[in-house]
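What follows draws every value from the coordinates through simple rules; no lab data is involved. Small disclaimer: the values here were computed from a predicted structure and weren't measured. Every residue, glycine as well, gets a Cβ built from its backbone with ideal geometry; the counts of neighbours run over all protein chains shown.
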Amino acid sequence: MARLAPWLMGAALSLLPVAAIAQDAPRDVRIGYLSLDYDARYDEKLVYLGLVLDPLTPPVPGARMGVEDLKILADAAGFSATLDEQKAADVAGLVARVQEMAAAGERFIIVDLPADVLDQVAAATRDLKVTLLNTTAHEDFLRERCYPNLLHTAASDRQLADALVQLLRVRNWTNVLVLFGQNPRDKVLADVFTASAQRLRLNVVDTRQVTQSTDSESMEQNNTLLVTGGVDYDVIYIADTQGDYARYLPYATQLPRPVIGSTGLEAAEWNWTWERDGASQVISRFDRLTGDLHMDGPDWAAWVAAKSVMTAYGKSRKTDPDEIDAWMRGARFGVDGSKGVLMSFRPWDGQMRMPITLSTADAVIEAAPLDGFEHQVTTLDTLGTDQPEFVCK
């Protein structure tokens, strides 16, 4: 995968014809940020003995940092930007907020919403002059809706699965045991992974559902040695969004094999241990802003969403919001996400093209797309749904 050095990105930015940009740029830009008053995704996941699993935090600090990071570009282009943070209790309230923000001239709204909620909000506001940028919902069906007012900086399920499968193909780990938990979302993720594996001609040797329970009979049936026995495989993929079962799986399998998916090696937009392409500076700024929180995938997605909007206003040389929106969706747009390549939005599904990190808890092992996977347009399109196979649903 070709990479663009951070110093070269900075040099290119410094060579922009600032006077020409500033001549047409708007003076004041308000970028919206919309979330729920209460979002169950950020509840602490308590398990036996009160342990807290996978504590998620809202990604609004990433959006704030994205606005701040491009303040120099804004100053040079002659505009100032503020982040208008709004919340609502339900879909009706969220739709009302979008309408109010659009009426106030906020063309771009960064959203942190669950997929089912975002689906309804995007449908209800599709005729407004506003673009929503999804930062936390990975579900593929949102991309297949083809909403004209929705872009995605959160990676899709398909992108994340394709990244893992590329690694398996490169490592020649071709036989996969697939496990999934009780949450309906777990089955969706397992199906997406299986489809990705089949596209690269990997062999899914079996697919099994698992349960984490204190019931003695269930515990016996879901013993990790039993669940992973009776079949040969090179690697285990597990989809367990709650994490109750997955955390017991590594080093507890019938065969000594690596585990990927919801534990072990995980695919994400970002990992706090990424050190290349200027990432260490990004992580340090985020640490200072949040008081040493680790920057995770949603934080990065919110950060790059804000950077995308700031870049569009600063570099498009347009004042008309429709033209700025079109420029951000067009072939000339590219945003630096500290991943070594400039990223853009796919015109067919609104998904941002991006490298995907493949990481353990404290180290990035690889970043996909991996060497050897080619594409006629960009290797980033080897991850996710490509244009020839895309269908609106």
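Which FRET efficiency value, to the nearest 0.05, do you get for A89 and A124 by plugging their Cβ-Cβ distance into 1/(1 + (r/R0)^6) with R0 = 25 Å?
Calculated transfer efficiency: 0.95.
Between R276 and T319, how many nm apart are label points set 7 Å from Cα along the C-beta direction?
Computed distance between label sites R276 and T319 equals 4.4 nm.
How large is Rg over Rh for the chain, taking Rg from the Cα atoms and Rh as the Kirkwood inverse mean of 1/r across Cα pairs?
My calculation puts Rg/Rh at 0.98.
Using a Förster radius of 22 Å, what is the FRET efficiency between D362 and V170 based on their Cβ-Cβ separation? Nearest 0.05, please.
0.50
Report the calculated FRET efficiency for I72 and D191 (r = Cβ-Cβ distance, R0 = 41 Å), to the nearest 0.05.
0.35
When the helix-only estimate is applied to the chain (DSSP H runs of n ≥ 4, each -39,500 (n - 2.57), divided by the residue count), what is the mean residue ellipticity at 222 nm, nearest 500 deg cm²/dmol?
The per-residue figure over the chain is -10500 deg cm²/dmol.
On alpha-carbon atoms, Rg over Rh for region 296-339 using Kirkwood Rh?
Radius of gyration relative to Kirkwood radius: 1.01.
Mean 1/r over all different Cα pairs, inverted: what Kirkwood radius does region 106-222 give, in Å?
Computed over region 106-222, the radius equals 16.4 Å.
How big is the Rg/Rh ratio for region 68-145, C-alpha atoms only, Rh by Kirkwood, two decimals?
1.02
Using alpha-carbon pairs under 8 Å, 6+ residues apart, how would you state the relative contact order of the chain in percent?
21 percent
Starting from region 330-380, pick out the trypsin sites (Lys or Arg not before Pro) whose DSSP state is loop and whose Cβ has at most 16 other Cβ atoms within 10 Å.
Counting only loop positions with at most 16 other Cβ atoms within 10 Å, the trypsin sites (Lys or Arg not before Pro) in region 330-380 are R332.
So, by mean Cβ neighbours within 10 angstrom, what's the order for 175-188, 158-171 with the highest one leading?
158-171, 175-188
Only Lys, Arg, Asp and Glu count, each charged at its Cβ (+1, +1, -1, -1), so figure out the dipole size of the chain about its Cα centre, rounded to 20 debye.
That gives a dipole near 1100 debye.
Taking the Cα centre of region 159-268 as origin and charging only Cβ (+1 Lys, Arg; -1 Asp, Glu), how large is the dipole, in debye to the nearest 20?
480 debye
List the extent of the Cα atoms of region 159-268 along each of their three principal axes, largest first, rounded to whole Å.
40, 26, 19
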